[in-house]
Amino acid sequence: METAVFIVCAAIVLAGALGVVLARNPVHAALSLVGTLFGMAVLFLNLEAHFLAAVQIIVYAGAIVVLFLFVIMLLGVDRLEDLSVEPITGQRVLAAIVGLGTFVLAVIFILSSSIGPSDSGPQILTRDITDQYSNLRQIADVLFTDYVYAFEATAALLTISVVGAVVMSRRMARSDETQDTKVDD
Amino acid sequence: MSAALGPTVFGIDPLYVGGVGLAEVLITLLKVGVAFAVLLVAVMLMIWFERKLISDMQNRIGPNLAGPFGIFQTLADGIKLFFKEDLIPEQSDRLVFKLAPYLSLVPAFLVFAVVPVGGDFSGGNGRVSLFGHETFLQVSDPPVGILLVLAMSSVAVYGVMLAGWSSGSKYPLLASVRASAQMVSYEAALGLSLAAVLLKSGSLSTNQIVAEQSVWNWNLWVTWVVPMVIFLIAATAELNRPPFDLVEAEQELVGGFHTEYSSIRFALFFLAEFMNTITMSAIIVTLFLGGPNGPDFTTVGWLSGLLWFFIKLMLFLFAFVWLRATLPRFRYDQLMDLGWKLLIPLSLGWLLVLASYDVAGDRGWNRAAAVIVMLAIMAALAGLLALALRAARQRRELDPQGGFA
């Protein structure tokens with residue numbers, strides 16, 4: 001059962017990921033990304049990480065990709081891209097090298113990790129679980145004790161980046177622009 | 001299906017304790033089927049109820065020809081829509097255009113799965129006996145419980161958004177841009193007011209949340225009313241119902257995001273909209289009004305819970321129609337101001353006050369003093385923020401070209 005779910009979800013995740021890269025239309029690419037995220041949420045469920053699955057959908061599928069789509073629609077870039085020009089020279093070669101490197105590193109990490117095939121997902125995640133809700137409690141415990149500084153630092157970083165984005169995007173009304181609008185009036 | 005996997009993947013239910021056999025699968029399928037059918041019939045009646053009520057409030061008669069009191073009007077409309085020509089605009093993105101209605105319909109159905117509609121929570125922990133098997137009167141009680149509602153309401157955005165975009169026409173596009181901004185904004189207020197409930201009940205499971213509110217200990221007063229008001233407002237905005245129906249403002253946007261839709265696809269959007277109204281009312285009842293809790297006034301044990309749930313549900317359905325008949329539509333900037341500048345800070349502040357009250361109780365401090373200190377700190381911070389805003393505004397007025405350097 002677990003393996004069957006994994007195979008189906010892995011196929012969905014990979015198909016979605018390919019869709020993101022290959023789709024010509026940005027909206028279709030974003031939708032493929034949603035498919036990938038859903039597949040990953042089911043994979044989390046398969047590992048009995050219920051809370052992570054829910055957060056995966058609420059945050060990534062529900063907020064981040066919606067914002068992607070929002071920007072795509074608002075800016076009207078939902079046209080087919082001209083793929084013959086490279087925006088930055090050497091971009092594609094570099095992307096291929098970095099992608100390959102990440103893949104090699106991931107394989108090395110998986111092969112060298114101490115988690116053997118006998119410890120499959122659910123056993124690792126639920127090893128110390130005594131009651132049924134402690135999946136969430138465990139995350140909360142770890143997040144607010146061992147990793148509380150990292151957690152707070154991340155929160156501060158996100159807040160700063162939001163403030164920064166507002167500051168950067170806030171256009172002050174320049175005098176020539178205000179004069180233009182006056183002429184129009 | 002292994003016994004170890006069954007219970008947690010499909011939710012915690014006494015039904016699955018002791019292995020999953022044919023009987024358990026059949027009971028689960030029965031629950032799913034009944035929930036599906038009840039929801040569809042409820043939508044049919046809800047549309048009739050809304051039209052009848054609105055016409056009463058506006059001194060009209062309303063639908064009165066199909067069946068007694070026009071109760072079959074929705075059925076007639078549905079059949080009509082079925083047989084209408086299905087148009088797909090030439091400029092549309094065909095695949096996404098066809099996908100969008102289902103993206104708004106499926107989440108609407110799924111949310112109802114976590115709502116406990118009955119059961120005796122005063123002592124029986126919500127368990128009922130169904131064909132000799134103990135179970136809950138809800139389709140599923142997943143460990144993430146109420147987070148499923150948030151997840152589904154964030155997925156529902158896609159239906160509206162993609163419908164507008166894929167139509168290849170400007171009014172639906174404008175509506176869908178509005179809709180996505182509105183729904184994403186109010187989701188934050190929705191989640192934050194929900195956090196107050198989670199703080200008090202200490203569990204995400206809807207069954208647990210209802211069990212905590214046994215008989216009269218409703219979250220409405222346990223969380224001191226405000227979270228429910230915020231949740232109700234945010235839910236109305238999330239549902240795109242009046243006074244927050246800018247998404248389909250007829251005067252400005254023709255029909256809103258579903259302008260280009262016709263026939264059965266339009267019917268699916270309509271279905272999803274009313275189904276969302278019903279499920280969201282059910283969620284409010286579950287979270288704040290104790291779901292099926294209430295004094296037992298019947299002789300049959302299981303009936304009381306169902307009746308209480310139905311009465312509370314009708315209260316909110318009536319309220320939603322009443323709001324529609326009473327309030328004019330918000331302006332877009334008013335909508336955003338209300339969401340971001342009032343509801344989100346208020347629900348966050350309220351959560352902190354509730355938390356300080358609880359912490360004071362745990363530590364043996366004076367509870368009133370803890371709340372007052374908390375309020376004073378927040379007032380001081382709000383004052384600082386207001387001062388900073390004022391200073392920034394004054395500087396901008398003095399030097400409109402000045403940057404931040």
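Every number here is computed from the coordinates shown, using simple stated rules; none is lab data. Keep in mind it's a predicted model, so treat the numbers as computed, not measured. Here the Cβ is made from the backbone with ideal geometry for all residues, glycine too, and neighbour counts use every protein chain on show.
Of the residues B:281, B:153, B:203, B:169, the one with the fewest other Cβ atoms within 10 Å heads the list, and the complete ranking is B:169, B:203, B:281, B:153. As a length-normalised measure over Cα pairs under 8 Å and 6 or more apart, the relative contact order of region B:86-330 settles at 27 percent.
For the protein assembly as shown, the Cα-based Rg and Dmax, in that order, read 26.1, 81 Å.
Across peptide A:50-62, the average count of Cβ atoms from other chains found within 10 Å of a residue's Cβ is 6.
Comparing B:296, B:120, B:77 in a Gaussian network model of chain B, where Cα atoms under 10 Å apart are tied by springs, the biggest mean-square fluctuation is seen for B:77. Summarising the overall dimensions of chain B from its C-alpha atoms, the Rg and Dmax are 23.5, 78 angstrom.
Peptide A:1-11 has a mean of 1 when you count, residue by residue, the C-beta atoms of other protein chains within 10 Å of its C-beta. Highest mean first, the peptides B:98-108, B:38-48 sorted by other C-beta atoms within 10 Å per residue fall in the order B:98-108, B:38-48. Across peptide B:162-168, the mean count of Cβ atoms from other chains lying within 10 Å of each residue's own Cβ comes to 2. Computed over region A:1-84, the P(r) curve from all C-alpha pair distances, binned at 5 Å from the origin, holds 3, 16, 21, 21, 17, 11, 7, 4, 1, 0 percent per bin. Mean-square fluctuations from a GNM of chain B, with a 10 angstrom spring cutoff on Cα atoms, peak among B:387, B:65, B:53 at B:387.
Phi angles across region B:247-264 convert, under the Karplus curve 6.51 cos²θ - 1.76 cosθ + 1.60 with θ = phi - 60°, into 3J(HN,Hα) values of 4, 10, 4, 4, 5, 9, 10, 6, x, x, 5, 9, 4, 7, 8, 9, 6, 5 Hz, Gly and Pro given as x.
Considering only B:303, B:335, B:385, give the residue with the highest GNM mean-square fluctuation for chain B, with springs between Cα atoms whenever their separation is below 10 Å. For chain B, modelled as a Gaussian network with Cα springs under 10 Å, the answer is B:385. When peptides B:189-196, B:370-377 are ranked by their average number of other Cβ atoms within 10 Å per residue, the highest-first order is B:189-196, B:370-377. Each of A:149, B:158, B:332, B:171 has some number of other Cβ atoms within 10 Å of its Cβ, and from fewest to most they run A:149, B:332, B:171, B:158. Its alpha carbons give region B:278-405 an Rg and a Dmax of 22.8, 76 Å. The alpha carbon centroids of region B:298-336 and region B:44-102 are separated by 21 Å. Dividing the radius of gyration of the alpha carbons in region B:332-390 by their Kirkwood radius gives 1.11 for Rg/Rh. With neighbours defined as other Cβ atoms within 10 Å of a residue's Cβ, the residues A:33, B:29 order from fewest to most as B:29, A:33.
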